[in-house]
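Engineer: Handing you a structure now.
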Amino acid sequence: MSDPLVELEQLAVHFPVARGRAVRAVDGVDLVIDEAETLGLVGESGCGKSTLARATTRLVPISSGSLRYRGQDLTDADERRLRAFRRHVRIVFQDPYGSLNPRMTVRQIVAQPLEIHRVGRRSERDDRVRELLTTVGLDAAAASRYPHEFSGGQRQRVSIARALALDPELLVLDEPVSALDVSIQAQIISLLRRLREEMGLSYLFISHDLAVVRHIADRVAVMYLGRIVEQGARDQVFDRPQHPYTRALLSAVPDPNPATRGETRRIRLHGEPPDPADPPSGCRFRTRCWKADDLCAAVEPELVGDDGHVAACHHPE
Amino acid sequence: MSTGRAPVLDVRDLTIVVGSGRGARTVVDDVMLQTARGETLGIVGESGSGKTLTMLGALGLLPDGVHRQRGDVTLGGIDVTGAKARTMRALRGRDVGMIFQDPLTSLHPSLRICSQLVEGLRVHDRALTRRGARSRAAELLERVQVPNARERMDDYPHQWSGGMRQRAMIAMAIMHEPSLIVADEPTTALDVTVQAQMLELLAEARDESGASLVLISHDIGVIAQIADRVAVMYAGRVVERGAVGEIFARPRHPYTAGLLASVPTLRDVPGELSVIGGQPPDRTAVTGCAFEPRCPIGNGELACQTVRPVMLGGIHEVACHVAQVSELA
């Protein structure tokens, strides 16, 4: 079998804080993203999912473990060696207000990656910008306008057009719809689904919203306090969750339908995630888990399971 | 006003305008809202729909450049539209508790949590000693389930997590036993597991005090979970109103129906998300229905373009020409 597109092995990103301590934002993650596949990554704030997005795109230094792209180890590669990787792996951020330069026109914003990578002549670049804007559902006339003239949803379309400029293979989407209104959110999700089909793209789709992830991901990984606690095909994770944390997350999603509301029993987690600079011993979830016992405090569980569905828990469902 | 049936908050024909002269635009248009004791009213709508401005307008808290053009508001039977700023402040302080999305904007960053609660308690109860207020503050924090409240109450806001800060906000909102609690996107910045805890806490606060709770949110799931009645807002107007179970099960306005269908849930078929095209306008329509350009049924209809729809129906009201037509058919 050919190499996967991206492969993370025991990847860790630690940020040093005072007195020799370190925030272990990402602490030993194994992930694989195949060609034309969407991997959904879910977790709550502070679990390390955004840091993992930045490590996967080599925007933060990797403390240990490895990042491979098409079989090539890029963990410590310099910018010259990263050149092809930077073309083919692009990131889209949550905040469509903060991630577009307000002093640049949409044409300049979308053409910037082309200029940096010296693709085409100016007139060719202009044509490409028009084509990209049409692809993401914007009017080609939008090119001469500035970001502030657009709504949040339109700005996110501009960000996506910019990310597509260099014909990428993988888009890392970090909470791409979280700042948008519900009706706009549905528009962007359906745009992303269409682009994926038309261009054969892979996505690493990061979100705290499980219902959104269920609508776009082929496979799902659940992250808690720097670690993946469960991973599997979408239906495996959503229909047969094994890790107590996944079950709690799923049960906490509010159901808008009055007819089915109340069918799932709410699992009440007490407290909030612990400090990632000082994670609990053994299983990191044990301080909030209703199943935790002495074994959980003593031994850190490994990701185990079959048929591609794995969970790190001593007492799985 | 001890009849019990009288609404705690009664808003009639509230119209709010941003700017003045030729640049003026109507952002809240003829809004009617009533809430009773012990009841939760959900106001749902997307950004710019006027849901927050409606409540700020009702409570006399509109920012500069935004003003109430007309409308009557009573709070506990007292007319507040003509009230002086000083009277309003006293009324709000005692009778209204407010909770906002981001607790950091409401908590002073360089004052200890405890001092902020003590100050709030003593402003409206001059007889309360500092020590008495401190012990009352601790009770309040315990009531909203802040862990180790007595040890942690001398912390500064940045030392608390988002969920704990939101608990402190709830404690401040309920400290004078208000008759009305207004929560504007109280769970939006929180994680799902913490969000669920917070909604339970709000419902408890409402039940214990018998207060009326107004919950403003863009999140239909949150509204469905806690509200008894709901008002759906679009472009400054209430377009549909009624019991939450009824409206979410049988929406009559095409906007409500489209909004409900575009919310991803854990139950629908993955990938089948319905999409409302276009985007919400930033002001209300001068003539006709503001949703007409995006409406799958009424788009292009003369009545929808030219005649302003009025709220019709008994316990399930809707302001829509095409919904009324289909109802007759």
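Just so you know, all these numbers are worked out from the coordinates, no wet-lab data involved. All figures in this text were calculated on a predicted structure; none of them were measured in a lab. Positions of Cβ are generated from backbone atoms using ideal geometry, with glycine treated the same way; all protein chains shown enter the neighbour counts.
Engineer: So what are the radius of gyration and Dmax for the Cα set of region A:241-317, in Å?
Structural biologist: Gyration radius and largest Cα-Cα distance of region A:241-317: 14.3, 44 Å.
Engineer: Please list the non-local residues whose amide H lies under 5 Å from the amide H of residue B:308, H modeled 1.01 Å from N, same-chain partners needing a gap of 5 or more.
Structural biologist: Distant-sequence amide H within range of residue B:308: B:288.
Engineer: Also, quick follow-up: Which whole-number percent of Cα pairs in chain B have a distance greater than 30 Å?
Structural biologist: When all Cα pairs of chain B are counted, 38 percent exceed 30 Å.
Engineer: Hey, got a sec? Which trypsin sites (Lys or Arg not before Pro) in region B:1-66 land in a DSSP loop and have at most 12 other Cβ atoms within 10 Å?
Structural biologist: B:5
Engineer: List the GluC sites (Glu not before Pro) within region A:31-139 that fall in a DSSP loop (any state other than H, G, I, E or B) and whose Cβ has at most 10 other Cβ atoms within 10 Å.
Structural biologist: Passing sites in region A:31-139 are A:79.
Engineer: 5 Å is the cut-off here: which amide hydrogens, built 1.01 Å from N in the peptide plane, fall below it relative to residue A:22, excluding neighbours closer than 5 in sequence?
Structural biologist: Excluding prolines and chain starts, which carry no amide H, the hits are A:17.
Engineer: Rounded, prolate or oblate: which fits the protein assembly as shown, taking a ≥ b ≥ c as square roots of the Cα gyration tensor eigenvalues, rounded meaning a/c under 1.5, else prolate when a/b beats b/c?
Structural biologist: Oblate, because a/c is 1.5 or more while a/b does not exceed b/c.
Engineer: Name the trypsin sites (Lys or Arg not before Pro) in region A:53-138 that are in a loop by DSSP and that have at most 16 other C-beta atoms within 10 Å, would you? All intermediate terms of the calculation are to be shown ahead of the outcome.
Structural biologist: On the way: sites: A:54, A:58, A:68, A:70, A:80, A:81, A:83, A:86, A:87, A:90, A:103, A:107, A:118, A:121, A:122, A:125, A:128, A:130; in loops: A:58, A:70, A:80, A:81, A:103, A:118, A:121.
When the trypsin sites (Lys or Arg not before Pro) of region A:53-138 are filtered for loop state and at most 16 Cβ neighbours within 10 Å, A:70, A:80, A:81, A:103, A:118, A:121 remain.
Engineer: Among A:203, A:245, A:97, determine the one that fluctuates most according to a GNM of chain A built with springs between C-alpha atoms less than 10 Å apart.
Structural biologist: Greatest mean-square fluctuation among the candidates belongs to A:97.
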